[in-house]
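Colleague: Okay, here's the structure, questions in a sec.
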Amino acid sequence: MVDVAEPLPIEDYAIIGDCTTAALVGRNGSIDWLCWPRFDSAACLSALLGTSRHGRWLIAPSEPPTATHRAYHDGSLVLETVFETSTGSVAIIDLMPINQKNSTILRLVQGRTGQVAMRLELVLRFDYGTSIPWVEQLDEETGLSAIVGPERVVLHTPIKLYGQDLTTLGTFTVSAGDTVPFAMTHTASHFPLPDKIDAMAAMAETDAFWTEWSSRSTYKGRYASTVNRSLLTLKALTYAATGGIVAAATTSLPEQLGGERNWDYRYCWLRDATLTLFAMMNAGYVEEAGAWRDWLHRAVAGSADQVQIMYGLAGERRLEEWTVPWLPGYQGASPVRIGNAAAGQLQLDVFGEVMDCLHQARRNGLSAVEEGWALQRSLVERLEQVWREPDEGMWEVRGGRKHFTVSKVMAWVAFDRAIRDAERHHLSAPIERWRVARDDVQRMVFEQGFDAEMNSFTQSFGAKSLDAGLLLLPMVGFLPADDSRFLGTLAAIEKDLLVDGFVLRYRTEDGTDGLSGGEGAFLACTFWLADAYTLCGRHDDAEDVFERLLTLCNDVGLLSEEYDSAAKRQVGNFPQAFSHVALVGTAMNLRGRGPAQVRATSEAVIAA
């Protein structure tokens, strides 16, 4: 009987990927999450959201190790985990080879000292842990082929395998100097069997790809290793075929342990991807930024009144949300959700994010002056029609639409950036009409989004609650950082939303988001606090917050969406692009020690 194992703490995982999909590898040598052939495909290893019986691939010492340590190869996404045992030490090198015809996971078991007895356990369960494949031994060599309907997974290895309890098992011993390869490849079931991979050549090629890519980073500050690891993570979340950038590699990792705040983040949010574009541009990655801009143009093409806040990897629009009843959820946090109903929400802030992104792209020479202008005009014209309406806000609440203050501010940003582009580049546009709209938005925010008694902007018009998104006001140029209204807002956020040194998005107790329970501190918002301190000249406070956040990175430099300070656990989907984008931005702001490096251009801050 094979033992049933629970998933590890979220921070005990690392990511490997090939820019088509990604896998999560635990410190224990188990791959507990893998969707093939794309990030948003159905998982064939789903132990992360259940138990080992829902699919995992374990390679580990037969006896419990006395010590485990791991690290990525320098500047690379190749992961090396070293297990120390009473009889010797062994390393498992995990990677997904780049530029292969078929997506593959390659695992190399290398003996370092002595002799170590090893075990393998492979539980393939397609369709998110429910479909058991038909498994056959390969005739021509040791290995296996597993088929369910249109999908096939082939494992090539020199180790003899056998089956028990619908699980593939294997045992072997490695001595110092030995290397035992395992290559698992995904293909269509009606295609010929994939060729064997030259394991050492594939590892060298993949290492070279990542190290060359990371060497192009222009960030050379004192946080270079941390920033470059975040940039590598963002690259790993990029779908190379289209340039789309997923928000995270996972679905339904809970924002509160045991809770219901579990969402599918394997899609491309315009907001998240736009902020990723800023990070890439600022770090010198023009090619990636250009690929994302092209993805954006394709994804939102069509009628402007049908623009969505998120899309599939290739721009797909139907992302219907459903729950998986047979998966119990990460450590019991249910439901497990596939798809995301927020795709149909109205979120006005997205207009501002997209217009700011395209403005910066044009300003930095990434786009030809007139490229995409017709699309931008259509988006602004759509915004003219809807900016006065309530929306679901940047946090995708499910408790009904409100006039969220940050949403209106970002509508102001959209008009402002469109006006700047039209004026600077002499582009055809109804500039005077847009100026009127921009001023109307700002006036409405000052009159209805600011509470004089609280001396603070509020989460929504007429409310007494706060929102950490208000930290963005000076960063997007809506008003200067030394404006008394922003300083009052900053003080209010410090008093009400700062918990154990980390920032909550908002207080969940008032039911605004329509969900039960609470959530952890939002890491991106805490980075924004450091940015606000930088703009206000509180440089020591900014560095203190940033250094505190860096202590949350796991042993290989990865962050999830949120942090539960009581449990001292990372929570939410992992690794989270939003968190790593914010890390990169704050590090760059600290290097500049002033507003010039913040998302808003200095001219926007002055003009406001």
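The values are calculated or read from the model by the stated rules, or taken from the named source; none is laboratory data. Keep in mind that this is a model prediction, so the values were computed, not measured. Quick reminder, even Gly has a Cβ in these numbers, built from the backbone with ideal geometry, and neighbours come from all protein chains shown. Accessible surface areas use protein heavy atoms only, side chains included; no ligands, DNA or RNA. Shrake-Rupley method; radii C 1.70, N 1.55, O 1.52, S 1.80 Å.
Colleague: Would you mention how many residues in the range 385-400 are open to solvent by 40 Å² or more (accessible area, probe 1.4 Å) and either more than 24 Å from the chain's Cα centre (by Cα) or at positive phi (or both)?
Modeller: Selection size over the range 385-400: 5.
Colleague: Quick test for you: out of ARG261, ARG266, pick the one residue that is part of a loop (DSSP other than H, G, I, E, B), of a type in the set (D, E, K, R) and in contact with a Phe, Trp or Tyr (Cβ under 6 Å, 6 or more places away or on another chain).
Modeller: The conditions single out ARG266.
Colleague: Does GLU543 satisfy the criteria of being assigned to a helix (DSSP H, G or I), modelled with pLDDT of 95 or more and open to solvent by 30 Å² or more (accessible area, probe 1.4 Å)?
Modeller: In short, yes.
Colleague: Name the one entry in GLY244, GLY177, GLY170 that is at positive phi, touching a residue at least 24 places away in the same chain (Cβ under 8 Å) and of a type outside the set (D, E, K, R).
Modeller: Selected residue: GLY177, the only one of GLY244, GLY177, GLY170 that is at positive phi, touching a residue at least 24 places away in the same chain (Cβ under 8 Å) and of a type outside the set (D, E, K, R).
Colleague: Follow-up. Hey, among the residues in the range 212-234 that are part of a loop (DSSP other than H, G, I, E, B) and within 19 Å of THR551 (Cβ to Cβ), which one's most open to solvent (accessible area, probe 1.4 Å)?
Modeller: Residue satisfying both the conditions and the ranking: ARG222.
Colleague: Name the single residue that is nearest to ASP391 (Cα to Cα) among those in the range 451-496 being of a type in the set (Phe, Trp, Tyr) and not in a helix (DSSP H, G or I).
Modeller: My answer is PHE461.
Colleague: What pairs come up if the first residue lies in the range 464-479 and is more than 20 Å from LYS402 (Cα to Cα) and open to solvent by less than 10 Å² (accessible area, probe 1.4 Å), the second is part of a loop (DSSP other than H, G, I, E, B) and modelled with pLDDT of 95 or more, and their beta carbons are under 8 Å apart, counting only those six or more places apart or on different chains?
Modeller: PRO474/PRO480; PRO474/ALA481; PRO474/ASP483; LEU479/LEU473
Colleague: For the range 419-427, does any single residue satisfy the condition of being on the phi > 0 side of the Ramachandran plot and crowded, with 20+ Cβ neighbours inside 10 Å?
Modeller: Checked the range 419-427: no residue is on the phi > 0 side of the Ramachandran plot and crowded, with 20+ Cβ neighbours inside 10 Å.
Colleague: For ALA342, indicate whether it is in a helix (DSSP H, G or I), more than 29 Å from TRP213 (Cα to Cα) and among the aliphatic types (A, V, I, L, M).
Modeller: Answer is yes for this residue.
Colleague: Checking the structure you have, find out if any residue of the range 278-291 is polar (S, T, N, Q) and without any contact (Cβ under 8 Å) to a residue 40 or more places away in the chain.
Modeller: Checking the range 278-291: not a single residue is polar (S, T, N, Q) and without any contact (Cβ under 8 Å) to a residue 40 or more places away in the chain.
Colleague: Could I ask something else about it? Given the criteria open to solvent by 10 Å² or more (accessible area, probe 1.4 Å) and either modelled with pLDDT under 95 or closer than 13 Å to TYR563 by Cβ (or both), does GLU509 qualify?
Modeller: So GLU509 passes the test.
Colleague: Next question, about the same structure. Restricting attention to the range 132-142, which residues are of a type outside the set (A, V, I, L, M, F, W, C) and either in a loop (DSSP other than H, G, I, E, B) or modelled with pLDDT of 95 or more (or both)?
Modeller: Scanning the range 132-142 gives PRO133, ASP139, GLU140, GLU141, THR142.
Colleague: Can you tell me which of (1) in contact with a helix residue (DSSP H, G or I) (Cβ under 9 Å, 6 or more places away or on another chain); (2) under 22 Å from ILE98 (Cβ atoms); (3) exposed (fewer than 15 other Cβ atoms within 10 Å of the Cβ) is the one VAL246 doesn't meet?
Modeller: (3)
Colleague: Just wondering, is there one or more residues in the range 109-129 that are free of Cβ contacts under 8 Å to residues at least 24 places away in the same chain and either touching a Ser or Thr at 6+ places or on another chain (Cβ under 9 Å) or open to solvent by 30 Å² or more (accessible area, probe 1.4 Å) (or both)?
Modeller: Scanning the range 109-129, I find no residue that is free of Cβ contacts under 8 Å to residues at least 24 places away in the same chain and either touching a Ser or Thr at 6+ places or on another chain (Cβ under 9 Å) or open to solvent by 30 Å² or more (accessible area, probe 1.4 Å) (or both), so the answer is no.
Colleague: Only one of these is closer than 23 Å to VAL286 by Cα and of a type outside the set (Gly, Ala, Ser): VAL324, VAL350. Name it.
Modeller: VAL350
Colleague: Among the residues of the range 235-258, write down those that are assigned to a loop (DSSP other than H, G, I, E, B), of a type in the set (Ser, Thr, Tyr) and over 26 Å from LEU8 (Cβ atoms).
Modeller: Across the range 235-258, the qualifying residue is only THR242.
Colleague: Please specify each residue of the range 375-384 satisfying the condition of being buried (at least 18 other Cβ atoms within 10 Å of the Cβ) and at pLDDT 95 or above.
Modeller: Passing the criteria: VAL380, LEU383.
Colleague: Is one or more of the residues making up the range 146-159 within 26 Å of ASP127 (Cα to Cα) and exposed (fewer than 13 other Cβ atoms within 10 Å of the Cβ)?
Modeller: So far as the range 146-159 goes, yes, one or more of its residues are within 26 Å of ASP127 (Cα to Cα) and exposed (fewer than 13 other Cβ atoms within 10 Å of the Cβ).
Colleague: Scan the range 98-106 and tell me whether some residue there is open to solvent by less than 10 Å² (accessible area, probe 1.4 Å), over 27 Å from GLN164 (Cα atoms) and either assigned to a strand (DSSP E or B) or touching an Asp or Glu at 6+ places or on another chain (Cβ under 7 Å) (or both).
Modeller: Yes, the conditions are met somewhere in the range 98-106.
Colleague: Which one of these does SER516 not meet: (1) on the phi < 0 side of the Ramachandran plot; (2) open to solvent by less than 50 Å² (accessible area, probe 1.4 Å)?
Modeller: Going through (1) on the phi < 0 side of the Ramachandran plot; (2) open to solvent by less than 50 Å² (accessible area, probe 1.4 Å) one by one, SER516 breaks only (2).
Colleague: Still on this structure, I have one more. Can you pull out the strands (runs of 3 or more DSSP E) entirely within the range 1-83 that have at least 3 residues that are under 19 Å from THR238 (Cα atoms)?
Modeller: Ranges flagged: 13-17, 22-26, 30-35.
Colleague: Looking only at residues that are without any contact (Cβ under 8 Å) to a residue 12 or more places away in the chain and hydrophobic (A, V, I, L, M, F, W, C) in the range 359-408, which one is nearest to ALA463 (Cα to Cα)?
Modeller: This residue is ALA374.
Colleague: Can you run down the residue pairs with Cβ atoms below 8 Å, 6 or more apart or on separate chains, where the first is in the range 571-582 and without any contact (Cβ under 8 Å) to a residue 60 or more places away in the chain and the partner is open to solvent by less than 10 Å² (accessible area, probe 1.4 Å) and in a helix (DSSP H, G or I)?
Modeller: Final answer for the pair search is SER579/LEU523; SER579/ALA524; SER579/PHE527.
Colleague: Could you tell me whether any residue of the range 257-265 is of a type in the set (Phe, Trp, Tyr), open to solvent by less than 50 Å² (accessible area, probe 1.4 Å) and either under 30 Å from GLY332 (Cβ atoms) or in contact with an Asp or Glu (Cβ under 8 Å, 6 or more places away or on another chain) (or both)?
Modeller: Within the range 257-265, one or more residues are of a type in the set (Phe, Trp, Tyr), open to solvent by less than 50 Å² (accessible area, probe 1.4 Å) and either under 30 Å from GLY332 (Cβ atoms) or in contact with an Asp or Glu (Cβ under 8 Å, 6 or more places away or on another chain) (or both).
Colleague: Turning to a different aspect of this structure: Which residues, taken from the range 282-325, are open to solvent by 40 Å² or more (accessible area, probe 1.4 Å), farther than 17 Å from LEU375 by Cα and part of a helix (DSSP H, G or I)?
Modeller: Across the range 282-325, the qualifying residues are ASN282, VAL286, GLU287.
Colleague: Also, quick follow-up: Step by step: first the residues of the range 385-441, then only those that are among the aromatic types (Phe, Trp, Tyr) and out of contact with any strand residue (DSSP E or B) (no Cβ under 6 Å at 6 or more places or on another chain), then the one that is modelled with the lowest pLDDT. Which residue is that?
Modeller: Looking at residues that are among the aromatic types (Phe, Trp, Tyr) and out of contact with any strand residue (DSSP E or B) (no Cβ under 6 Å at 6 or more places or on another chain), I get TRP395.
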